[in-house]
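Here, each number is a calculation from the coordinates, and none is a lab measurement. All figures in this text were calculated on a predicted structure; none of them were measured in a lab. Every residue, glycine as well, gets a Cβ built from its backbone with ideal geometry; the counts of neighbours run over all protein chains shown.
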Amino acid sequence: MDIKPTNNPSEESSAFLSSTWARFAGPLLFLGSFFIESPDPQYPKLVIMTGLTAWMALWWMTECVHLSVTSLLPFLVIPTVGIADIKSVASHYMDPILFLFIGGFMLAFAIERWGLHKRLALHILARSGHSAASVLAGIMFTAYLISMWISNTATVMMLIAAVTAISLQLKKDMGSEHQHRKLSAALLIGLAYAASIGGMATLVGTPTNMIFYRFFQDEYGSTHPFHFTDWMAFAMPVSLLLLCATWFILRTTMLRGAGKSRFDASSFAEQVKSLGPMGRDESVVALVFITTALLWLTRAPIHAGSIHMEGWASLFAYPDQLQDGTVAVFMAILLFLIPSRQEPGNRLLSWKETSRLPYDVILLFGSGFALSKGFESSGLSNWLAGQLIVLRDVPTPLIVLGICVVVTVISEFASNVASIQLVMPVLISMQKALDIDPLLLLLPAALAASSGFMLPVATAPNTIVYSSGMIKVREMARAGFWTDLIAIVLFTALCSLLF
């Protein structure tokens, strides 16, 4: 059911009471955890960490306080109850990936300043802009293709300005402000989800896939050859099915009214022509944009089966210290240095634009990493992963289902990389005990680690699109629940059939 704006006093009163209840219920859930005995004496703070997670989840879901306020809770609580020291928790609020976020946004600001985002948006609309549903499909497929080869976060950073421009371009054709907001939310959520799903399709699409590959090669490489093409042969069809299902979910749940709107695609083509040729400054920004994408793609080495390619980072003395964030910051600095031809005396990017950086979302990002630290230090992640062992005596399809559910739940609150690193050793031990095809256990776990679509903090793409201010947490949670559910069913069914 669509959420409609209202000025009804009774509904406003109900919303106020709901927020008030949630404000008190969150801390009470946390305090109640002190009176529950830990199920594992080895991890005495396990239940307390669960209580903090429940508190944050309730406040995030109900938005009874600003999400940035909720984001401060790990810094306050985790050191206070002795789960981890304050320095290590604080350091997670400035994780290196945040510099990819900051540098990427600076690049997006330059793209907006010189109109490149509008040109890109109109090109996408000219090819897919017949209806709201087809525009959503065009954006999702574009993000899916790009994120197969570069990081999901970088993909969203590349496209978010264009998607925002598409939303503004379609505003005049929408029937109401409410319909336009729902369309904007659907396009941005579709962008985030498609980037995460595209990362599943190739071994290099996301770090979780490469972690799976490393574990698999170390343990089974000599007896079970597995190559880049083997991954794509399975993951590409699965990810495409999930992409289509996600599009259908967003179309059904968020585009009911907007889905009937029809757009004249020829008008978008005319608008592309009216822009004329790219100016020098727009061309330079486009070159920086393309160079950034290429540097992201070629930074790390690729060793998958018969494919061996050294990344450019190996040319430096400390290649491990060069990350996607390094590239983003370097290219952003270049934009501050390159002079503008259209505005003599200025540069392609000025510090004035950076005032728009969403610092509240940086806090939200950091809280996700800090929460992950709490999961690790309290033993909650290990305990959750260890529960997979109880599946040892159940039918194989149910084992796969249990693996997918547990890994997806962990990924909603902990980092995807942490999730897969935790469960892989457990699954390898289980495989040896059960003596079944290792791919039956490890492959669905690797794919499920890229799930976790419900919360803004679940993945970096979710956090980035949430920063637009056009999405309600309840909308993302609703769409994410159905996407998680379909992903779990898909991974379980196909792995059980094929292996």
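The packing ranking of peptides 102-108, 79-85, 311-317, 457-463, highest mean first, is 457-463, 102-108, 79-85, 311-317, where packing means the average number of other beta carbon atoms within 10 angstrom of each residue. If you wrap the tightest convex hull around every Cα atom of the chain and split its volume per residue, you get 167 Å³.
Of interest is the spacing of the C-alpha centroids, which for segment 125-148 and segment 177-238 amounts to 18 Å.
Could you tell me the calculated FRET efficiency between Leu294 and Leu145, based on Cβ-Cβ distance and R0 = 22 angstrom, to the nearest 0.05?
That pair, Leu294 with Leu145, gives E of 0.90.
Projected label points at Ile436 and Phe34, each 7 Å from Cα along the beta carbon direction, are separated by 4.4 nanometres.
Only Cα pairs under 8 Å and 6+ residues apart enter the sum, and on that basis the relative contact order of the chain stands at 21 percent.
Among Asp393, Asp437, Asp95, the ranking by other beta carbons within 10 Å of each residue's beta carbon, starting with the fewest, stands as Asp393, Asp437, Asp95.
Rounded to the nearest 20 debye, the dipole size of the chain about its Cα centre is 1360 debye, using +1 on the Cβ of Lys and Arg and -1 on the Cβ of Asp and Glu.
Residues whose amide H comes within less than 5 Å of that of Ile338, counting only those at least five positions distant or on another chain, are Leu348 (H built at 1.01 Å from N in the peptide plane). Within the shell defined by Cβ-Cβ distances under 12 Å, the residues around Leu122 carry a net charge of +3, with Lys and Arg each +1 and Asp and Glu each -1. As a check on your grasp of the helix formula, calculate [θ] at 222 nm for the chain: sum -39500 (n - 2.57) over DSSP H runs of n ≥ 4, divide by the residue count, round to the nearest 500. That calculation yields -22500 deg cm²/dmol at 222 nm. Annotation: the residues Met476, Met430, sorted from fewest to most other C-beta atoms within 10 Å of their own C-beta, follow the order Met430, Met476. Relative to the Cα centre, the charge distribution of segment 342-410, modelled as +1 at Lys and Arg Cβ and -1 at Asp and Glu Cβ, gives a dipole magnitude of about 100 debye.
Short-range pairs are left out: with C-alpha atoms under 8 Å and at least six residues apart, the relative contact order of segment 16-101 is 25 percent. Neighbour counts of C-beta atoms inside 10 Å place Trp247, Trp482 in the sequence Trp482, Trp247, starting with the fewest. For Ser131, nonlocal amide neighbours, meaning residues 5 or more places apart or on other chains whose placed amide H falls under 5 Å from its own, are Phe263.
Distance between the 7 Å Cα→Cβ label points at Met309 and Glu177: 4.9 nm.
Annotation for Glu270 and Ala54: the two label points, set 7 Å from Cα along the Cα-Cβ direction, are 6.0 nm apart.
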